[in-house]
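One structure is given here, and the rest of the page talks about it.
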Amino acid sequence: MEKNFYDNINVLECIEKDGIKIEILEYKTLRGLRDVCLAENLYYLEKAGMSLKQIKITLNNSAVTTERGALYFHKGNIAAECETGGVGGLAKKLIKNRLTSESTFTPTYSGTGEIFLEPGFNHYILLELKNEAIIVDRGMFYCCENGISVEVSAQKNLSSGLFGGEGWFQTKISGTGLCVLAIPVPPAEVLKYELKNERLQVDGNFVFLRTASLNFTVGRSAKNFVGNFTSGEGALQTFEGTGIVWMAPTQYVYKTLAQCFSAPLLNTSRSADTSNDD
């Protein structure tokens, strides 16, 4: 049975270090057809190119912290705990949950064995931090090696908080170790820039990850009001300094399509046959 399971699995990405291995698994096919409606849904999924994915973590006397509710099952000598850090620690966690959409309580699993997180149609990236810090959009954190810190990051200036499109608070992930992020688009549609004492300006809020050392502001697209008015562009997100910026240029397209069309998976009636949604 185990061989049959892994025969139906592609390993999209794998990262390993110091007693911990994290893999992004992809199910090649879904063949659990039981009725016509299920077959119709699976047909749309396959035509749209969607695939079911799952994070597998292998521990060897190590530990990992996950988003609350992410666990599917684990096998081996693995212990779970969720520390609140006392009254003060609980207050900080509640504030973090309110400001960043990350879970108030993040369980830690330690020991030796295998951990499978919940399968879904999300897109993931694996990162290894080396005594560094990154800022990511709210709700992107999925799991990390124990020792990585996940905190609230406040915007450093008025313009980025009011006009940046990201709100006043994002998530800061720092330290040394491995982490998994749920990203808004497939990895093949992510554009990664390495700035070397340079400036990048973006018309929109589709930058989802940046090095914490970069200066983030929001400014006009032109030097004066007339130029700003005639250019047709509004305020631009501006990233300056030395570091990495990850952006999802196609993110806006998916949001627009989601608003324009009704998904056939939410409608199993015959009218769903005429839907053009992917």
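The values are calculated or read from the model by the stated rules, or taken from the named source; none is laboratory data. Note that the structure is a prediction, hence the values are computed from the model and not measured. Heads up, the Cβs are rebuilt from the backbone with ideal geometry, glycines too, and the neighbour counts pull from every protein chain shown. In case anyone asks, the SASA skips ligands and DNA or RNA and just uses the protein heavy atoms, side chains included. Shrake-Rupley method; radii C 1.70, N 1.55, O 1.52, S 1.80 Å.
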Ordering Met140, Met50 by how much accessible area each has at a 1.4 Å probe, largest first, what is the list?
Met50, Met140
What's the ranking of 30-43, 9-22 by average number of surrounding C-beta atoms within 10 Å, highest first?
9-22, 30-43
Simple label model, 7 Å out from Cα along Cβ direction - Tyr252 to Lys192, nm
2.4
Expressed as a fraction of 2.2 N^0.38 Å, the rule-of-thumb size for a compact globular protein of N residues, what is the C-alpha radius of gyration of the range 24-76?
1.56
Sorted by average packing, counted as other Cβ atoms within 10 angstrom per residue and highest first, what order do 174-182, 110-118 take?
174-182, 110-118
